[in-house]
2 protein chains.
Amino acid sequence: MKLTLEDMTDLARGSAFLGTGGGGDPYAGRLFAENMIRLHGAPELVHPRDIPDDANVFIFGMIGAPTVLIEKLMNGAECDLAIDTMEKMTGRKADYIISAEIGGLNSVIPVAMAARRGLPVVDADGMGRAFPEIQMTTFNVYGVPISPIVIVNDHLESVVINANNAKSGEGFARAVAIQMGLAAMLSAYPMTGKQVKETAVHGTLGLACGIGKAIVRGRHEGDPVDALLAYLRTTDYYNKCAVLFDGKVVDLLRETTGGFSVGRCLFEALDGSGRRMEVKFQNEHLIARDENGVKTIVPDLICMVDRETAEPITTEALKYGQRLKVIGVSAAPAMRTPEALACFGPHAFGLSEPFQPIEELMSL
Amino acid sequence: MKLTLEDMTDLARGSAFLGTGGGGDPYAGRLFAENMIRLHGAPELVHPRDIPDDANVFIFGMIGAPTVLIEKLMNGAECDLAIDTMEKMTGRKADYIISAEIGGLNSVIPVAMAARRGLPVVDADGMGRAFPEIQMTTFNVYGVPISPIVIVNDHLESVVINANNAKSGEGFARAVAIQMGLAAMLSAYPMTGKQVKETAVHGTLGLACGIGKAIVRGRHEGDPVDALLAYLRTTDYYNKCAVLFDGKVVDLLRETTGGFSVGRCLFEALDGSGRRMEVKFQNEHLIARDENGVKTIVPDLICMVDRETAEPITTEALKYGQRLKVIGVSAAPAMRTPEALACFGPHAFGLSEPFQPIEELMSL
């Protein structure tokens, strides 16, 4: 199956939803991917099961702060330099491109790179959503070394990091990304087809496209939020889901600090009941809570959409008075194991609350 | 000529003087160099004129804050990794080791590495003193590219930077060094014998040894500060020199910030005249000023020594009540050209005063 020009709108919209507020608005990345497809043709989308075990699979994406990434466009040269450098450092040629995270900008950027280099793109990623730090991947949790990490800026400067573990690699990568103005190209976790099969969250590019299509279909049929939830319930991973809150933004704290967009957003119900919900975020939404307690918590997904159009809203686009629906969604099973929770569960973000699946918190 | 075990004390003391307060106390580095000479034998000291034009000359040193470097010892493995990585990145084997700066710790560290790998060490450096930033070298001023820059920590993690210019390289290297706790091994400016001849400050390891010997001789003969000045007057570069002030420390501001030790030190004369001198520093002393104006300014050297023993005092060892002599010394001619001053003259440190040679300021 080819990922066509027409798929890019659906993929971008679906991955903006799976970005859970972060990952960077895919808009600029979508334009870049569409341009690459126009110039070089549509890349093949290949499921992990169809990849040879010994294939070389390289990540391509961006690292930085969403607030910067939405204002910074990419040319092609720094993208090529990232993959060229990874090929040089590993002594292996890229056979496939894979996304580190399906949420946000990093869903469409790998498609652009795959088109540009005439390579297939893998229908999988390392998060099944978006996360703020690069050690927070199933690749890391299930044993793929993060190094070498290649980071490149638009001045064609490159930095290659060989770290002892993924957390240390994140520390170096973040320091370099800050030095690069919080918008840089990244490749890391060079892996084989076998490693992709064993560690990635499978099928997520296709799922993101499906989410995008469901929203558009819902707009024609009546209620796009209903259509979105109906589609999610048919999927393998995202099938436990619920509208957590229907309200407007009454308070918003958002800072770019330490290389991240961090803050919290307070909602008040539209029904005059005075009910409130608070959502905290570090690039991505981490915890949604109302008067009765936690409703959804990381790594389960907390997504915000426009209450009329179901258009996904990223944290950097949040505004006072905005009317939104907050939706909670189950993460893939590979994201909820004890090893996975140790890497990107609530404690990894400094939250004291333990992880509880949305289906228990919301009695789904 | 070999650099022997016995030379290490003189080299360390002389380079502590040429460190102009910074460069890190060579004490720990001297112990390491002595140990390497004991284990592997004394390395040959070779003047640049005796190096083949096509020889591969690699810098080896440390990057960080002096306040950290004096508390952090090195093992051998991270040192080897720095040179191994530089050899891998350039595809060339090191023929000679050279010092980036003769001032402080980075004078003895290259000797340790040369002994360890059985290589000769070049009698030259890129500063003729110490400076806080790695673009501040004659290598950079006279056209040797800074990249690749290799930085390694004691966990054997490595970072390789390919920057477009030396200033940008310093930005990345500093961010990485901060991430490594402000004590890391560095190689950069890989160069040929021809480039060493054309760009280095020649003969400075021998000069540092001579300074160390003169101080010790002076202690036996009567006044070590007099003996030190008498020796400096016989050298090619450091021959304009004077005691700028004889006093005690009455105020001291010193912070480790942005990866540097920055601050100022205020002296009061011991003769009861109430005369004062202020010295500002960023790792190294930058400007010495009294009631009548500037007495010495960067890149000329401002050095502090114990007023009785002429033992050089680094900024991190400065204490309230300490009795010191402040000595001004001329920099090498290659350090005073317009191109050189643009790179490491007063304006490069945010000072508004223009450079004036010590011989004019002090009417020598």
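Where a number appears in this text, it was derived from the coordinates with a stated rule and is not lab data. Computed from a prediction, not measured in an experiment: that's the story for all the values here. Positions of Cβ are backbone-derived with ideal geometry, glycine not excepted, and every protein chain shown enters the neighbour counts.
When the Cα positions of B:I109, B:Y142, B:A42 are compared along the charge dipole of segment B:35-163, B:A42 comes out farthest toward the positive end, with charges on each C-beta of Lys, Arg, Asp and Glu. Separation of segment B:197-265 and segment A:75-89, taken as the distance between their Cα centroids, equals 47 angstrom.
Peptide A:160-170 is shielded by partner chain Cβ atoms: per residue, an average of 4 of them sit within 10 Å of its Cβ. Remark on B:M62: its backbone amide H falls under 5 Å from those of B:L186, a criterion applied only to residues 5 or more positions apart or on other chains, H modelled at 1.01 Å from N. Report note on the peptides A:119-132, A:37-50, A:190-203: ranked by the mean count of other C-beta atoms within 10 Å, highest first, their order is A:119-132, A:190-203, A:37-50. Placing dummy labels 7 Å off each Cα toward the beta-carbon, the span from B:R233 to A:L73 is 6.8 nm. Of the residues B:I151, B:A242, B:I215, the one whose Cα sits farthest towards the positive end of the charge dipole of segment B:147-248 is B:A242 (charges of +1 on Lys and Arg Cβ, -1 on Asp and Glu Cβ, taken about the Cα centre). Note on chain B: helix-only mean residue ellipticity at 222 nm, from DSSP H runs of 4+ residues weighted -39500 (n - 2.57) and normalised by residue number, equals -9000 deg cm²/dmol. The rule of thumb for compact globular proteins, 2.2 N^0.38 Å, goes into the C-alpha radius of gyration of segment B:158-311 1.28 times. Each residue of segment A:313-326 was assigned a 3J(HN,Hα) from its phi angle through the Karplus expression (A = 6.51, B = -1.76, C = 1.60, θ = phi - 60°), giving 10, 8, 4, 6, 9, 4, 9, 4, x, 4, 9, 9, 10, 9 Hz with x at Gly and Pro.
Dipole magnitude for segment A:253-294: computed about the Cα centre from +1 point charges on Lys and Arg Cβ and -1 point charges on Asp and Glu Cβ, it is near 100 debye. What relative contact order, as a whole-number percentage, does chain A give when Cα pairs under 8 Å and 6 or more residues apart are counted? Relative contact order of chain A: 20 percent.
Structure note, pairs B:K240/B:K295; A:K194/B:K88; A:K248/A:K325: Cα-Cα distances above 19 angstrom occur for A:K194/B:K88.
If R0 is taken as 45 Å, the Cβ-Cβ distance between A:L5 and A:R336 corresponds to a FRET efficiency of 0.80.
In units of the compact-protein estimate 2.2 N^0.38 Å, segment B:199-246 shows a Cα radius of gyration of 1.20.
Is segment A:225-364 rounded, prolate or oblate when judged by the Cα gyration tensor, a ≥ b ≥ c being the square roots of its eigenvalues, rounded requiring a/c under 1.5 and prolate requiring a/b larger than b/c? It is oblate, given that a/c is not under 1.5 and a/b is not larger than b/c. One Cα centroid belongs to segment A:297-318, the other to segment A:16-43; the line between them spans 18 Å.
Computed 3J(HN,Hα) for segment A:117-129, one whole-Hz value per residue from the Karplus formula 6.51 cos²θ - 1.76 cosθ + 1.60 where θ = phi - 60°, is 9, x, 10, x, 10, 7, 7, 5, 7, x, 9, x, 5, glycine and proline marked x. The Cα-based radius of gyration and maximum Cα-Cα distance (Dmax) for the protein assembly as shown are 30.3, 100 Å.
Note on A:I178 and A:N165: the model spin-label points, each 7 Å out from Cα along the C-beta direction, lie 2.1 nm apart. Under the convention that each Lys and Arg Cβ holds +1 and each Asp and Glu Cβ holds -1, the size of the dipole of the protein assembly as shown around its Cα centre is about 100 debye. For A:A342, the point set 7 Å out from Cα toward Cβ sits 5.5 nm from its twins in the other copies, listed from shortest up. State whether chain B is rounded, prolate or oblate according to the following rule on the C-alpha gyration tensor (a ≥ b ≥ c being the square roots of its eigenvalues): a/c under 1.5 gives rounded; otherwise a/b larger than b/c gives prolate, and the remaining case gives oblate. Here chain B falls in the prolate category. In plain terms, the bigger the Kirkwood radius, the slower the diffusion; for segment A:169-242, with that radius from Cα pairs, at 25 °C and 0.890 mPa s, Stokes-Einstein puts D at 158 µm²/s. Remark: segment A:1-125 carries a charge dipole of roughly 220 debye about the Cα centre, counting +1 on each Lys and Arg Cβ and -1 on each Asp and Glu Cβ. Near the amide H of B:A55, within less than 5 Å, lie the amide hydrogens of B:G193, B:K194, all on another chain or at least 5 residues away, with H placed in the peptide plane. With label points defined 7 Å past Cα in the direction of Cβ, position A:D80 shows copy-to-copy spacings of 3.9 nm, given to one decimal and shortest first. Centroid-to-centroid, using Cα positions, segment B:130-146 and segment A:319-362 are 50 Å apart. Placing a label point 7 Å from Cα along the Cα-to-Cβ direction at A:R276 gives distances to the equivalent points in the other copies of 5.4 nm, listed shortest first.
Taking a ≥ b ≥ c as the square roots of the eigenvalues of the alpha-carbon gyration tensor, segment A:110-234 is classed prolate because a/c is 1.5 or more and a/b outweighs b/c.
Amide H contacts of A:T296: A:A288, each under 5 Å away and 5 or more positions distant or on a separate chain (H built 1.01 Å from N in the peptide plane; Pro and chain starts excluded). Modelled label positions at A:R219 and A:D251, each set 7 Å beyond Cα in the direction of Cβ, lie 3.4 nm from each other.
For the peptides B:231-241, A:161-171, the ranking by mean Cβ contacts within 10 Å, running from highest to lowest, is A:161-171, B:231-241. Over all directions, the projected convex hull of the C-alpha atoms in segment A:100-171 averages 5.4 nm² in area. With θ taken as phi - 60° and the Karplus curve 6.51 cos²θ - 1.76 cosθ + 1.60 applied, the whole-hertz 3J(HN,Hα) list for segment B:18-27 is 5, x, 6, x, x, x, x, 4, x, 4 Hz, x standing for glycine and proline. Set the Förster distance to 22 Å, then compute FRET efficiency between B:D80 and B:A317 from the Cβ-Cβ distance, nearest 0.05. The computed FRET efficiency comes out at 0.10. On the basis of the beta-carbon distance and an R0 of 35 Å, B:N292 and B:Y27 show a calculated FRET efficiency of 0.45.
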